[in-house]
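Each remark here refers to the structure printed beneath this line.
Where a number appears in this text, it was derived from the coordinates with a stated rule and is not lab data. As the structure is a prediction and not an experimental result, all values here were calculated from the model. Note that each Cβ is placed from the backbone with ideal geometry, even for glycine, and that neighbours are counted across all protein chains shown.
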Amino acid sequence: MKIKKILIANRGEIAVRIMKTARLMKVETVAIKTSFEPGAMYLSYADHIYDNTEEGTDIPVFLDIEKLILIAGRTGADAVHPGYGFLAENAYFAQKCIDNNIIFIGPSPDALYKMGNKTIARRIALRGCIPMALGSEGNISDEEEAIAVAEKIGYPVIIKAASGGGGRGMRIIRKAEEMERLFSIASKEAEKAFNDPSVFIEKYIENPKHIEFQILGDTHGNIIHLGERECSIQRKHQKLLEEAPSCALDDKLRHEMGRMAVKIAKAVNYYSAGTVEFLLDSDKKFYFMEMNTRIQVEHPVTELITGIDLIEQQIRIANGEKLKFRQEDIRLEGWAIECRINAEDVQSGFAPDPGKIESLSMPADPFVRIDTGIQPGSAIVASFDSMIAKLIVKGKDRKEAIKNCKKALDKVWIKGTKTTLPFFRMLVRNLKFQDGTFTTAFIEKDLEKYYYNSEYEEMLAAWLATKLFIEENLKEDSINVDFENGKEMSPWLLNKRMNQF
């Protein structure tokens with residue numbers, strides 16, 4: 001193993017995840033300490049810590065290419081793992097690592113650039129005869145051109161940012177009158193998020209399923225897929241729950257979609273882990289969307305059904321090793337579901353709810369895996385994402401996986417911030433989710449409410465509210481009533497009654 005020490009250019013649960021695998025591989029890791037999270041959990045998993053708390057502002061450190069190269073040099077790291085987000089898909093960062101004799105644990109700068117620009121990716125897919133939704137041949141310069149393209153392919157259409165993803169710079173247009181306003185909004189949003197206002201247009205596929213294929217490729221030209229993940233439970237193009245495999249695919253469709261995923265990866269000589277994303281319509285026709293040139297948040301569900309450690313494979317591939325398995329060696333066994341537990345207020349439209357985690361308890365059942373970078377005392381800060389933990393469960397089939405997920409969710413306890421737990425508790429009890437007929441429109445069109453309250457939770461909430469009300473009124477001049485006897489009750493007697501609960 002020529003990689004001896006890895007700088008983790010990331011934080012949170014993905015930093016912990018990388019460090020755990022690196023330790024098993026006897027590879028040292030370096031974490032970066034920031035003043036926003038001086039006591040962050042991920043620091044305790046690293047072999048070495050670079051203290052960046054006194055060196056300027058902290059927010060850009062994971063986005064500061066020159067600084068990261070400097071830190072790698074100062075700490076003796078011979079490789080960098082970018083995780084996801086931040087600079088994970090930045091071709092310039094990958095090239096700077098190479099220029100400084102640092103191994104970038106990810107794909108080549110060329111693949112990052114070509115697949116990172118969705119307009120270029122579309123052209124590559126079209127040349128390879130990979131199924132695509134109708135759309136513009138390149139970027140759209142203004143509203144007039146956008147209207148002309150939309151009228152040619154037919155409404156509804158969707159505007160997408162040429163760079164980046166995550167739902168930013170994306171707008172659905174259903175009629176020409178909406179184009180001027182929404183085109184401008186999408187372009188400005190793309191420029192703000194990705195420093196690139198370029199957008200293109202595609203035919204909008206109504207109510208599809210979102211299916212992605214996990215890719216692994218080495219530097220010797222071997223590329224395989226590890227099956228699919230279903231990512232249709234999403235809100236405003238942000239994924240909330242993922243599962244593997246998908247109940248929408250049979251073996252024939254899985255083979256064909258997997259073949260197309262490998263084909264587009266080969267077109268850019270792809271190596272490392274990556275994900276090719278498709279939309280699947282109601283007629284079982286699929287359309288290439290994009291390629292994510294990094295490890296995905298939802299990678300654990302693939303790991304659970306294949307038994308393959310994707311982080312380990314990334315490190316081995318970056319080390320120059322060949323894949324030790326062929327396509328025919330891959331077997332999908334069982335079913336896995338991942339819930340992204342975020343610090344968000346579900347009842348306020350999934351608004352972020354930063355704060356301090358006072359306490360949390362996670363299930364330890366044999367069918368459960370928890371990936372987290374949070375512990376009691378950790379702060380969810382507005383500067384970073386709101387993820388608390390990923391709850392991943394497995395079952396022998398989808399029915400058992402949902403059953404196990406329901407059990408696990410009911411055992412999670414988090415105090416200090418609002419979370420997406422009520423949403424997931426509702427979701428696993430929803431009949432449409434259980435029968436697998438949901439689409440990407442599920443949350444917006446099929447749900448009356450976004451959360452679930454059990455009878456126990458409602459009783460507990462009522463009891464706590466009553467207890468708080470009484471305690472706040474235990475003052476010398478307060479009126480405390482003995483409801484049983486219809487007379488005032490002394491604070492001493494009231495305390496005695498309350499202690500009986």
Task: Under 14 Å from the Glu312 label point (7 Å along Cα→beta-carbon), backbone N, the range 318-332 - done: 323-325
TODO: Figure the gain on full extension for Glu54 and Lys406 (residue separation times 0.36 nm, minus the Cα-Cα span) and round it to one decimal in nm.
DONE: 122.2 nm
Open item on the list: Starting from the 7 Å offset along Cα-to-Cβ, what nm value, one decimal, do you get for the label separation of Cys129 and Lys324?
Closed with: 3.7
Task: Cα-centred dipole magnitude for the range 120-187, charges only on beta-carbon of K, R (+1) and D, E (-1), debye, nearest 20 - done: 440
Task: the chain, helix-only ellipticity at 222 nm - DSSP H runs n ≥ 4, -39,500 (n - 2.57), divided by all residues, nearest 500 - done: -10000 deg cm²/dmol
Task: Projected label distance in nm at Lys175 and Leu70, using a 7 Å step from Cα toward the beta-carbon - done: 5.6
TODO: Please report how far the C-alpha centroid of the range 155-182 lies from that of the range 306-323, rounded to the nearest whole angstrom.
DONE: 37
Open item on the list: Give me, ordered by chain and number, the residues 5 or more places off Ile6 or on other chains with an amide H under 5 Å from its own placed amide H.
Closed with: Glu28, Thr29, Val30
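Nearest 5 percent is fine: what portion of the DSSP beta bridges confined to the chain is antiparallel?
80
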- [ ] Among the listed pairs Lys209/Lys403; Lys284/Lys390; Lys26/Lys407; Lys284/Lys396; Lys236/Lys407, give every one whose C-alpha distance is greater than 32 Å.
- [x] Lys26/Lys407
Task: Where labels lie 7 Å past Cα in the beta-carbon direction, separation of Glu151 and Tyr84 in nm - done: 4.1
Task: Within the range 145-176: backbone nitrogen closer than 12 Å to the Leu182 label point (7 Å, Cα to C-beta) - done: 147, 150, 155-160, 170-176
Open item on the list: Quick check: from the Cα gyration tensor, does the chain come out rounded (a/c under 1.5), prolate or oblate?
Closed with: prolate
Open item on the list: Above 29 Å lies some portion of the pair distances; for the range 209-446, what is it as a whole percent of all C-alpha pairs?
Closed with: 30
Open item on the list: Sort 360-371, 139-150, 160-171 by the packing proxy (mean of other Cβ within 10 Å over each peptide's residues), most packed first.
Closed with: 160-171, 139-150, 360-371
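Taking 45 Å as R0, compute the FRET efficiency from the Cβ-Cβ separation of Ala364 and Lys252 and round it to 0.05. Write out the running numbers ahead of the final one.
Details: r = 39 Å, r/R0 = 0.88.
Rounded to the nearest 0.05, the efficiency is 0.70.
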